[in-house]
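This report concerns only the one structure given below.
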Amino acid sequence: MRVCVYCSSSSAVPAVYLETASQVGTLLANRGHELVFGAGNVGLMGAVADAMHAAGGRMVGVIPRRLYERKLAHSDIDELIVTETMAERKAEMERRAEAFLVLPGGIGTLEELVQVMTLRQLAYLEQPIVMLNTAGFYSLLLEHLQRLVDEAFMRAEFLDLCVVADMPAEAIELIEHPRELVMPEKWF
Ligand code: AMP
């Protein structure tokens, strides 16, 4: 499958996140999946890509020209797509993805996660979205999503738009065997 991974561009984060990202890269390659990612050579993005490349996996990177010109693209990418804007980049990644895997990250990653959940909520996308909750990184966000449900800002069914795994192997399993979701209309 072509798995789009969204994750941090920071290399300064605790080692557990970088190590887990490496495990994800190795697993994706060993399971014969293709990586679609933001093409970065830094942070968790770089860790996934390094491990993926070491294990012989194929990588597609999609990067906006401004970041590409700053030499921020990973050097081992099999297919590099340079877009003019961030919006075009996101659209290209969504077009190519057969599943989304969200690892810990900053506001860039958060935006990517929320965007694909929003698009799926409105049925613009159908691919599964899996969150890797390494060391409980996303637990506060999951609590906030529950609050959206409790206070009727979101239907309870939409909590299932994103399925949560604690460990990389479980995340890959959820991507390979997605649950069929029957979603209601967005509005109450
Ligand atoms: P953040 O989670 O804030 O670290 O941002 C990660 C996301 O922002 C990535 O998935 C990319 O879309 C984008 N991004 C930020 N920095 C870079 C970079 N150096 N190279 C490529 N993409 C980046």
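Since every read-out is calculated from the coordinates, none of them should be taken as a lab result. No experiment lies behind these values; they were computed from the predicted model shown. Heads up, the Cβs are rebuilt from the backbone with ideal geometry, glycines too, and the neighbour counts pull from every protein chain shown.
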### Query
What is the residue count in region 98-123 for residues that are in a loop (DSSP other than H, G, I, E, B), more than 8 Å from the ligand (Cβ to nearest atom) and either aliphatic (A, V, I, L, M) or out of contact with any Cys (no Cβ under 7 Å at 6 or more places or on another chain) (or both)?
4
### Search result, residues across region 78-96 that are within 11 Å of the ligand (Cβ to nearest atom) and in a loop (DSSP other than H, G, I, E, B)
none
### Message
Regarding region 96-111, can at least one residue be identified that is out of contact with any strand residue (DSSP E or B) (no Cβ under 8 Å at 6 or more places or on another chain) and among the aromatic types (Phe, Trp, Tyr)?
### Response
no
### Query
Quick one: VAL13 ticks every box in (1) over 17 Å from the mean Cα position of the chain (by Cα); (2) under 27 Å from THR134 (Cα atoms); (3) away from the ligand (no atom under 11 Å from the Cβ) bar one, so which box is it?
(3)
### Members of region 128-146 found to be within 20 Å of VAL3 (Cα to Cα) and either touching an Asp or Glu at 6+ places or on another chain (Cβ under 7 Å) or surrounded by fewer than 18 Cβ atoms within 10 Å (Cβ to Cβ) (or both), listed by number
ASN133
### Task
Starting from region 147-161, keep only residues that are at positive phi, then list their pairs with residues that are exposed (fewer than 12 other Cβ atoms within 10 Å of the Cβ) whose Cβ atoms are within a distance under 8 Å, requiring at least 6 positions of separation or different chains.
ALA152/PHE188
### Message
Pairs please, first residue from region 73-96 and closer than 10 Å to VAL60 by Cα, second anywhere and within 12 Å of the ligand (Cβ to nearest atom) and acidic (Asp, Glu), Cβ atoms under 9 Å, 6+ apart in sequence or on different chains.
### Response
ILE81/GLU92; MET93/GLU112
### Task
Looking for whichever is hydrophobic (A, V, I, L, M, F, W, C), surrounded by fewer than 19 Cβ atoms within 10 Å (Cβ to Cβ) and touching a Phe, Trp or Tyr at 6+ places or on another chain (Cβ under 6 Å) here; the options are VAL116, VAL82. Which one fits?
VAL82
#### Entry: Qualifying residue in region 18-33 (condition: surrounded by 20 or more Cβ atoms within 10 Å (Cβ to Cβ), within 11 Å of the ligand (Cβ to nearest atom), at negative phi and assigned to a helix (DSSP H, G or I))
no
